[in-house]
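Structure, as structure tokens:
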Amino acid sequence: MEAVNRLIRQQLNSDVPLVNQIAEYIISAGGKRIRPMLVLLAANAHGYSGNVHHTLAGLIEFIHTATLLHDDVVDESSLRRGRQTANALFGNAASVLVGDFIYTRAFQLIVKVGDMRIMQILADATNVIAEGEVLQLLNMHDPDVSEERYLQVIRSKTAKLFEAASQIGALAAGASAADVEAAAEYGRSLGTAFQLIDDVLDYSGNAEEIGKNVGDDLREGKPTLPLIYLLQNGTPSQRELVRACIENGDESRFSEILEAVTTSGALDYTRQAAEHAAQRAAHAINGWDNSQSKESLINLCAFAVGRNH
């Protein structure tokens, strides 16, 4: 990971000072670096020797970082990773354009790797992520979004990059077709678990621990799984409350929503869905040879659902 972080800083260098300033601001904020970690672990689990996986891990983080910059503009977010978002500090225009720079730097690194199979996976992934962002936009302020439609957003917007990261790590190591597919299923399920726990934390987390404002989803009118569950299983008054809050993005009634999602079992339901996804991830790579990297991948499944940030 130290090698990956060095590569990230080297590759983000630009002749334009503002690009360097915003890119450094985003990268220095840290984050869990889960996606690049998946590349390294999936490669090492299959006996990889070399350093191309560092480049793959770096470009995966670039794609993720670019999506964050764009997401925060779309969502009008003001806090991420415990600091002001780039758009809050530098403005929307600069954030979008530097996001474009980071995206295109990722494409340059993809070309540098020169593996058509990896290019295909990453090209498809970035396209699906963009579709997921648009689908989420369509879901905003819509209280009639179904659970399946919401899970489709998760699979596209979040899980797809986890899937691609695991997949290209295994592919770079020359893993069998079956093991590459197992890596894809692992990443897809792990990414789903991560997002579902994020949904839980948006109603039960602590802003200092999760690094963003609690209740952002409600303010943005996002019908996430706890609210979808409540709309389907809550009392008539709870359903009416949730419907109004989603339609209007009304965060002023957050305390009422929090009580409803807690007492109705909506948060428990969402957490259970995350645990099932994490179990699917661990099961997907059960057939791989035992190694420290495989053990770490399985431990990540437990971390995904047990974290508070």
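One table, with the values for the structure above:
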| read-out | value |
| --- | --- |
| Qualifying positions in the range 23-46 - at pLDDT 95 or above and in a loop (DSSP other than H, G, I, E, B) | Ala45, His46 |
| Residues that are open to solvent by less than 30 Å² (accessible area, probe 1.4 Å), of a type in the set (A, V, I, L, M) and free of Cβ contacts under 8 Å to residues at least 60 places away in the same chain, drawn from the range 214-226 | Leu218 |
| Scan of the range 223-243 for residues that are farther than 16 Å from Tyr150 by Cβ and touching a Lys or Arg at 6+ places or on another chain (Cβ under 8 Å), ordered by number | Leu241 |
| Residue that is surrounded by the fewest Cβ atoms within 10 Å (Cβ to Cβ) [pool: residues in the range 250-277 that are among the small types (Gly, Ala, Ser) and under 30 Å from Glu163 (Cα atoms)] | Gly265 |
| Some residue of the range 205-217 being within 21 Å of the chain's Cα centre (by Cα) and modelled with pLDDT of 90 or more | no |
| Among the residues listed as Ala184, Ala159, the single one being without any contact (Cβ under 8 Å) to a residue 60 or more places away in the chain, of a type in the set (Gly, Ala, Ser), under 29 Å from Gly221 (Cβ atoms) and in a helix (DSSP H, G or I) | Ala159 |
| Residue ID - surrounded by the fewest Cβ atoms within 10 Å (Cβ to Cβ), chosen from residues in the range 128-148 that are touching a residue at least 24 places away in the same chain (Cβ under 8 Å) and β-branched (Val, Ile, Thr) | Val128 |
| Boolean, Gln279 is assigned to a helix (DSSP H, G or I), farther than 19 Å from Glu148 by Cβ, at pLDDT 95 or above and of a type outside the set (Gly, Ala, Ser) | yes |
| Residue that is open to solvent by less than 70 Å² (accessible area, probe 1.4 Å) and aromatic (Phe, Trp, Tyr), where the choices are Phe101, Phe107 | Phe101 |
| Residue match in the range 57-65 (condition: at pLDDT 90 or above, in contact with a helix residue (DSSP H, G or I) (Cβ under 9 Å, 6 or more places away or on another chain), within 24 Å of Cys301 (Cα to Cα) and open to solvent by 30 Å² or more (accessible area, probe 1.4 Å)) | no |
| Where Val98 falls short, out of the listed (1) over 17 Å from Thr192 (Cβ atoms); (2) modelled with pLDDT of 90 or more; (3) under 20 Å from the mean Cα position of the chain (by Cα) | (2) |
| Single unsatisfied condition, Ala175 versus (1) in a helix (DSSP H, G or I); (2) touching a residue at least 60 places away in the same chain (Cβ under 8 Å); (3) buried (at least 16 other Cβ atoms within 10 Å of the Cβ); (4) not aromatic (Phe, Trp, Tyr) | (1) |
| Residues that are within 13 Å of Thr65 (Cβ to Cβ) and in contact (Cβ under 8 Å) with a residue 40 or more places away in the chain, drawn from the range 80-108 | Arg80, Arg81, Ala86, Ser95, Val98, Phe101, Ile102, Tyr103, Arg105, Ala106 |
| Arg307 vs. criteria at pLDDT below 95 and surrounded by 14 or more Cβ atoms within 10 Å (Cβ to Cβ) | yes |
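The values are calculated or read from the model by the stated rules, or taken from the named source; none is laboratory data. Please read these numbers as outputs of a predicted model, since none were measured by experiment. Cβ atoms come from the backbone with ideal geometry, glycine included; neighbour counts cover every protein chain shown. The area values use the complete protein model at the heavy-atom level, side chains included, leaving out ligands, DNA and RNA. Shrake-Rupley method; radii C 1.70, N 1.55, O 1.52, S 1.80 Å.
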